[in-house]
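Chemist: This is the structure, below, for whatever I ask next.
The values are calculated or read from the model by the stated rules, or taken from the named source; none is laboratory data. Values in this document were obtained by computation on a predicted structure and should not be read as measured data. With ideal geometry, Cβ positions are generated from the backbone for all residues, glycine too; neighbour counts draw on all protein chains shown. Ligands, DNA and RNA are excluded from the accessible area calculation, which covers all protein heavy atoms including side chains. Shrake-Rupley method; radii C 1.70, N 1.55, O 1.52, S 1.80 Å.
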Amino acid sequence: MDLARVSRTARELMDQHGLKGWTFGFDDAMRRAGLCDHGRRRISLSAPLARLYDEADVRETVLHEIAHALVGPRHGHDGTWRAAARRIGSSGRRCVDAKAPAIDGPWAGVCTAGHRVTRFRRPMRPLSCSLCSRRFAAAHLLSWTYQGQVVPLGTRYESELREILAEAAVRAPANGTLVVGPVDPGRLGAEAGAESPEGATALG
Ligand SMILES: [Zn+2]
Ligand SMILES: [Zn+2]
C-alpha cells in the first residue's frame, strides 16, 4: 500500500478511537509490523512491510497498536488488551496473518523434512525445527545457508553441534537406528515458540 495512504488510514483510525494527541510515523522494522510507543505517544508502522501490505493488513496492524494505546503499557497482549482490540475491529492476534507478505532474512534454515525458516541474524547455536518437534530434538536440526551458500557458523556453534551429535549417538540403540529424543531441553530451545513463530511477523 502507498505510504501516504497508509498514513491517512492510520490517522483516521487513531482519531476515530480518541488518539488525537498521538502522532503517527514509520520505522524500518522487518520482523515487526507496528509499534506503540506509550512514552512518546506515538504509533509507528514498518515502512518496508506497510508497502507490501494491502489495506486489510494495514488496518489490522494500526488497530492492534491503537488497542495498546487505549489499555496502556502494563497489559501487553493480555485479555484486557485483546478485548479492546476486538472491540475496535482488530482480530486480537499477536502476529500478522500468515498469508500477509513478509520479508525474508538472508539466513535460511531447513530441516530434513524440508520445513524452512529465515532469520536476519546468524544463528548462534544449533536449533531444531519447531514444526517437527515442539522441543529441541537433534533429529530435527536445521541446517543453515546464508544467501543460499553454506558458510561457517562459528566455533561456538560448531562445538555445540558436535556435542549434540555425540550425545545423540550415545542414545542411539545398538541396532544402529538413530532415534533421537529431546537433548537437555533446558539448555536448548526449538527454533520457534508456539505463540510467536520465528518465521512470522509480530504485529508489535
Ligand atoms: Zn521440520
Ligand atoms: Zn502488540
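Chemist: Looking only at the range 98-113, count how many residues are within 15 Å of ligand 1 (Cβ to nearest atom), open to solvent by less than 50 Å² (accessible area, probe 1.4 Å) and either free of Cβ contacts under 8 Å to residues at least 60 places away in the same chain or not assigned by TED's automatic domain parsing to the domain that holds Leu153 (or both). Talk me through it step by step, then tell me what you get.
Modeler: Filtering the range 98-113 down to residues within 15 Å of ligand 1 (Cβ to nearest atom) leaves 108-113.
Those left that are additionally open to solvent by less than 50 Å² (accessible area, probe 1.4 Å): 108-109, 111.
Still in the list and also either free of Cβ contacts under 8 Å to residues at least 60 places away in the same chain or not assigned by TED's automatic domain parsing to the domain that holds Leu153 (or both): 108, 111.
So the count comes out to 2.
Chemist: Considering each residue of the range 134-154, count those that are within 9 Å of ligand 1 (Cβ to nearest atom) and either farther than 30 Å from His64 by Cβ or in a strand (DSSP E or B) (or both), and give that number. Reasoning before the result, please.
Modeler: Step one: list which residues in the range 134-154 are within 9 Å of ligand 1 (Cβ to nearest atom), which gives 140, 142.
After this cut, where a residue has to be either farther than 30 Å from His64 by Cβ or in a strand (DSSP E or B) (or both) as well, the list is 140.
Residues meeting the conditions: 1.
Chemist: Can you find a residue in the range 73-95 that is assigned to a helix (DSSP H, G or I), of a type in the set (Ser, Thr, Tyr) and not assigned by TED's automatic domain parsing to the domain that holds Cys129?
Modeler: Looking through the range 73-95, at least one residue is assigned to a helix (DSSP H, G or I), of a type in the set (Ser, Thr, Tyr) and not assigned by TED's automatic domain parsing to the domain that holds Cys129.
Chemist: So, one more: Name the single residue, out of those in the range 40-65 being closer than 17 Å to Thr9 by Cα and more than 20 Å from the chain's Cα centre (by Cα), that is modelled with the lowest pLDDT.
Modeler: Glu55
Chemist: Mind listing whichever residues of the range 1-39 are open to solvent by 50 Å² or more (accessible area, probe 1.4 Å), under 25 Å from the mean Cα position of the chain (by Cα) and at pLDDT 95 or above?
Modeler: Those that are open to solvent by 50 Å² or more (accessible area, probe 1.4 Å), under 25 Å from the mean Cα position of the chain (by Cα) and at pLDDT 95 or above: Asp2, Phe26, Leu35, His38, Gly39.
Chemist: Also, quick follow-up: Tell me the residue from Arg40, Arg119 that is in contact with a strand residue (DSSP E or B) (Cβ under 9 Å, 6 or more places away or on another chain), among the charged types (D, E, K, R) and touching a residue at least 60 places away in the same chain (Cβ under 8 Å), please.
Modeler: Numbers: Arg40 fails: touching a residue at least 60 places away in the same chain (Cβ under 8 Å).
So the residue among Arg40, Arg119 that is in contact with a strand residue (DSSP E or B) (Cβ under 9 Å, 6 or more places away or on another chain), among the charged types (D, E, K, R) and touching a residue at least 60 places away in the same chain (Cβ under 8 Å) is Arg119.
Chemist: Given the residues Ala83, Ala108, which is the only one that is away from ligand 2 (no atom under 16 Å from the Cβ) and at pLDDT 90 or above?
Modeler: Exactly one of Ala83, Ala108 is away from ligand 2 (no atom under 16 Å from the Cβ) and at pLDDT 90 or above, namely Ala108.
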